[in-house]
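The values are calculated or read from the model by the stated rules, or taken from the named source; none is laboratory data. As the structure is a prediction and not an experimental result, all values here were calculated from the model. Cβ atoms come from the backbone with ideal geometry, glycine included; neighbour counts cover every protein chain shown. When the accessible area is computed, the model is the full protein with side chains, heavy atoms only, and any ligands, DNA or RNA have been set aside. Shrake-Rupley method; radii C 1.70, N 1.55, O 1.52, S 1.80 Å.
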Amino acid sequence: MKRRLLFLGPPGAGKGTQAQRLAADRGLLHLSTGDLLRAEVAAGSDLGKQAEAVMARGELVSDALVLAIVRSRLEGQPEDGGWLLDGFPRNLAQAEALAELLEDLGQPIELVVLMELEDGVLIQRLLSRGRTDDNEAVIRHRLEVYREQTAPLIRYYRDRGLLAGVAADGTMEEVAANIAAMLA
Ligand code: AMP
């Protein structure tokens, strides 16, 4: 069973929900940079203060900041522990920094799960979520940022033979079953 996973896909595709569930089922460390950043904002830390305005605009916080968060969590993880990265990497620079970190740790990615949905469905889902960065203008901007900066990772991981696409338009149960089938 594959235990070092990365979830890729636009905001609203259901990555967080599926990642949380899979990590709980299989005892993997679930690392969501969005969740970790929101916790920093809520705690009012220096890091949170740096990230808050950028997140509210739907832009990406700095690579250095996000990478420091991920590095500190992965470095403490036992070699056979397994992890699931959700919302990271978000651009090619982050993907390359991650590859280097994982090489140092001797823990390469085993599978990248790509969840995709049409923009219309994504926008409806995000609008119903009610997060502070989920108003329509910010949502549209986050989708643009995804297309421009994150979507190139699809090709990056496909070229490395790691990508597996999953239909993300079913029920939560159906999507979970599709993902489980790819990890066997
Ligand atoms: P998410 O919960 O993954 O949708 O992330 C919410 C927001 O946190 C994003 O819109 C970004 O502002 C920020 N964020 C999360 N992950 C990253 C990342 N890997 N790199 C840069 N910014 C991120």
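Checking the stated criteria, Val54 turns out not to satisfy the condition of being touching a helix residue (DSSP H, G or I) at 6+ places or on another chain (Cβ under 6 Å), near the ligand (Cβ under 10 Å from one of its atoms) and either part of a strand (DSSP E or B) or free of Cβ contacts under 8 Å to residues at least 60 places away in the same chain (or both). Arg38 meets the conditions (1) touching a Lys or Arg at 6+ places or on another chain (Cβ under 9 Å); (2) touching a residue at least 24 places away in the same chain (Cβ under 8 Å) in every case but one. The failed one is (2). Scanning segment 70-91 for residues that are within 20 Å of Pro11 (Cα to Cα) and either more than 12 Å from the ligand (Cβ to nearest atom) or over 14 Å from the mean Cα position of the chain (by Cα) (or both) yields one hit, Leu84. Exactly one residue out of Gly48, Gly44, Gly58 is open to solvent by less than 20 Å² (accessible area, probe 1.4 Å), modelled with pLDDT of 95 or more and more than 30 Å from Gly170 (Cβ to Cβ): that is Gly48.
Of all residues in segment 22-41, those satisfying the criterion of being open to solvent by 70 Å² or more (accessible area, probe 1.4 Å) and either outside any helix (DSSP H, G or I) or within 16 Å of the ligand (Cβ to nearest atom) (or both) are Asp35, Arg38. Checked against the criterion of being touching a residue at least 60 places away in the same chain (Cβ under 8 Å) and over 21 Å from Ser32 (Cβ atoms), the candidates Ala137, Ala167, Ala177, Ala184 yield just one match: Ala184. In this structure, Gly165 does not satisfy being modelled with pLDDT of 95 or more, within 16 Å of the chain's Cα centre (by Cα) and surrounded by 18 or more Cβ atoms within 10 Å (Cβ to Cβ). Identify all residues within segment 56-69 that are under 23 Å from Ala137 (Cβ atoms) and touching a Lys or Arg at 6+ places or on another chain (Cβ under 8 Å); write none if there are none. Listed by number, the residues that qualify are Gly58, Leu60. Scanning segment 109-126 for residues that are away from the ligand (no atom under 14 Å from the Cβ) and either free of Cβ contacts under 8 Å to residues at least 24 places away in the same chain or open to solvent by 70 Å² or more (accessible area, probe 1.4 Å) (or both) yields Glu116, Glu118, Gly120, Gln124.
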